[in-house]
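A.B. asks: Structure incoming, see below.
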C-alpha cells in the first residue's frame, strides 16, 4: 500500500494535455482523410448507379438517358452533379424519347418521402414511380410500392398540361379508397391514407411546376443528343 | 509504464468467450440497446450493424490500449470519444462504398455507434487497463457476442414479421406477417423473450448446482445429527 488509491493525482501540465489531444486528433484526421479520399469515387459511382437504376425502373423502355436541369422556363443539358431541379429524359435504342423521369417529395407519416416518377409526354400520363427515400411504417406506408390496387393507379395517371402551359388541366388528387372516378384521381390504400395522400400531393406539386416546362421544351427533349 | 503492469492476468480463452456468453453485452450487460432495438428488423441489417460495431470496437480498443500509458487521466474520455468517432466515420464511408442500399436502411444508426455505451464502456473498463493483445481479443469476443445477439433478434423478427430469412421466403405466401414484429414494439417483445429464455437456462444451471450442494450438505448434517 505504498500508493494509496484515493490520493489526488497531480494535474499534468496543460502542455501535455493539449499535445495529447492534438496528437490523437491528428491521427484521427489523417485516417478520415485517407478513407474519405479512397471511398469518394466509389460512393459517387454507387450514387450514379442508384439514380440510373431508378430512372430505368420508371422508364422501362429507355436504353440511354440525358440529364437536364430546370432553369425557370428552360431545360439546360446538365450532368448528375449539377445542383438544381433535375429531370432525366429516357431514349430507346432508336434515340426516340420514351419518357421523362422527375423527382418529387412530400411529407409522409414519419418523414419526407422522395420519389422519382415517370412521365410520358405523348400520352400525358404518369406511368409509375420509384421510392428513393422513405421512413414510412413497414407493412403500412411501404405498401405504396407493393399494393396491386394502388399501383393500378399508375397505368396512366392523367397529367395533361393546360393550353396556357401554366399548370395541369386537372389537379392530381388522392381520393378515399374505392372512390376513384377520373383518370387524374389516385385511389388511396385503405390503412395507408397518409402515405397515399403524400404521393398525390407530391405528384400534383411537381406536376404543376415541372410538366409545363417539359411541354414547352418538348422539341428540345425529342431532339436529344443530336 | 511500470505502474500499470502490476499484475496482468494471462491471456486465456475466457477473455475471448466472456463477451459471447457469460458477459454478453446485450443479454447480460444490457449495453447499447438503442441500435439493438432499432435496426434488428431483418437478419441482414443486424449482421451489418454487428460487423460495423465489431470493427469500431476492435479498432478503438486497440488504439486506446496502445495509447493507454500516454493518455493523461484528465483527458481520457475526450480522447476515447475522438478515437471512437474516427472509426465510426470510417465505417460510415465504407458502408456507403459497399452498398448505398444498406446504408439507407441502417439510417442514422451507423453514426450513432459513436454514442454506443458498449464501445466507450469497453474502452474505459477494459482497454485502458489491459495489454494490447488482451484488449483486441476481448473486444473481438464482445463484438461477436453483440453481433450474435443482434442476429438472434433479427432472425426472429424477420421470420415472424415478414415470413422471410435473409430475404428468402420461408413461410408460404398464405402466411400473414406479424407486422408488429418489424415495428419497434416487436424489438422489445423479442428481446424480452430471449432474456426470459436465457435467464431461465442460466437459473436452471445455477439452481441445479445449488440444489446439489444443499442436498449433499443436508445429508452430511443429518448424518451428524443422527
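The values are calculated or read from the model by the stated rules, or taken from the named source; none is laboratory data. The model shown is predicted, which means the values in this text are computed figures rather than measured ones. All Cβ positions, glycine included, derive from the backbone under ideal geometry; neighbour counts span all protein chains shown.
A.B. asks: Determine which single condition residue A:46 fails, assuming it passes every other condition in (1) loosely packed, with under 14 Cβ neighbours inside 10 Å; (2) closer than 25 Å to residue A:64 by Cα; (3) within 7 Å of chain B (Cβ to nearest Cβ).
C.D. replies: The number of the failed condition is (1).
A.B. asks: Still on this structure: Evaluate the following for residue A:143: is it within 14 Å of chain B (Cβ to nearest Cβ) and either at pLDDT below 85 or under 30 Å from residue A:72 (Cβ atoms) (or both)?
C.D. replies: Details: within 14 Å of chain B (Cβ to nearest Cβ): yes; either at pLDDT below 85 or under 30 Å from residue A:72 (Cβ atoms) (or both): yes.
Spelling it out, residue A:143 is indeed within 14 Å of chain B (Cβ to nearest Cβ) and either at pLDDT below 85 or under 30 Å from residue A:72 (Cβ atoms) (or both).
A.B. asks: Scan the stretch B:49-64 and give yes if some residue there is outside any helix (DSSP H, G or I) and touching a residue at least 12 places away in the same chain (Cβ under 8 Å), otherwise no. Step through it out loud before you land on a result.
C.D. replies: The first filter runs over the stretch B:49-64 and keeps only residues outside any helix (DSSP H, G or I), leaving none.
No, the conditions are met nowhere in the stretch B:49-64.
A.B. asks: Sticking with this structure for a sec: Working carefully through the options B:54, B:83, B:71, find the one that is within 11 Å of chain A (Cβ to nearest Cβ), modelled with pLDDT of 90 or more and at negative phi. Working first, answer last.
C.D. replies: Details: B:54 fails: within 11 Å of chain A (Cβ to nearest Cβ); B:71 fails: modelled with pLDDT of 90 or more.
The match here is B:83.
A.B. asks: Please go through the stretch A:3-28 and pick out each residue that is part of a loop (DSSP other than H, G, I, E, B), more than 9 Å from every other protein chain (Cβ to nearest Cβ) and either modelled with pLDDT of 90 or more or surrounded by 10 or more Cβ atoms within 10 Å (Cβ to Cβ) (or both). Break it down stepwise before answering.
C.D. replies: Quick first cut of the stretch A:3-28, residues part of a loop (DSSP other than H, G, I, E, B) only: A:3-13.
Within this subset, residues satisfying the condition of being more than 9 Å from every other protein chain (Cβ to nearest Cβ) are A:4-8, A:10, A:13.
Result: A:13, single match.
A.B. asks: When you scan the stretch A:121-132, how many residues do you find that are in contact (Cβ under 8 Å) with a residue 24 or more places away in the chain and at negative phi?
C.D. replies: 8
A.B. asks: Additional query: Within the stretch B:97-111, identify whether any single residue is surrounded by 24 or more Cβ atoms within 10 Å (Cβ to Cβ) and within 11 Å of chain A (Cβ to nearest Cβ), and answer yes or no.
C.D. replies: no
A.B. asks: Before we move on, is residue B:40 within 11 Å of chain A (Cβ to nearest Cβ) and touching a helix residue (DSSP H, G or I) at 6+ places or on another chain (Cβ under 7 Å)?
C.D. replies: Values: within 11 Å of chain A (Cβ to nearest Cβ): no; touching a helix residue (DSSP H, G or I) at 6+ places or on another chain (Cβ under 7 Å): yes.
No: the conditions fail for residue B:40.
A.B. asks: A further question on this structure: What residue, of A:87, A:83, is more than 19 Å from residue A:215 (Cα to Cα) and within 14 Å of the chain's Cα centre (by Cα)?
C.D. replies: Values: A:87 fails: more than 19 Å from residue A:215 (Cα to Cα).
Of A:87, A:83, the one residue that is more than 19 Å from residue A:215 (Cα to Cα) and within 14 Å of the chain's Cα centre (by Cα) is A:83.
A.B. asks: Please go through (1) within 20 Å of residue A:218 (Cβ to Cβ); (2) modelled with pLDDT of 85 or more for residue A:193 and return the number of the only condition it doesn't satisfy.
C.D. replies: It is condition (1) that residue A:193 fails.
A.B. asks: Out of A:38, A:109, A:117, I need the residue that is at pLDDT 90 or above, within 14 Å of chain B (Cβ to nearest Cβ) and touching a helix residue (DSSP H, G or I) at 6+ places or on another chain (Cβ under 9 Å). Which one? Before you say what the answer is, go through the steps one by one.
C.D. replies: On the way: A:109 fails: at pLDDT 90 or above; A:117 fails: within 14 Å of chain B (Cβ to nearest Cβ).
Checking each option against the conditions leaves just A:38.
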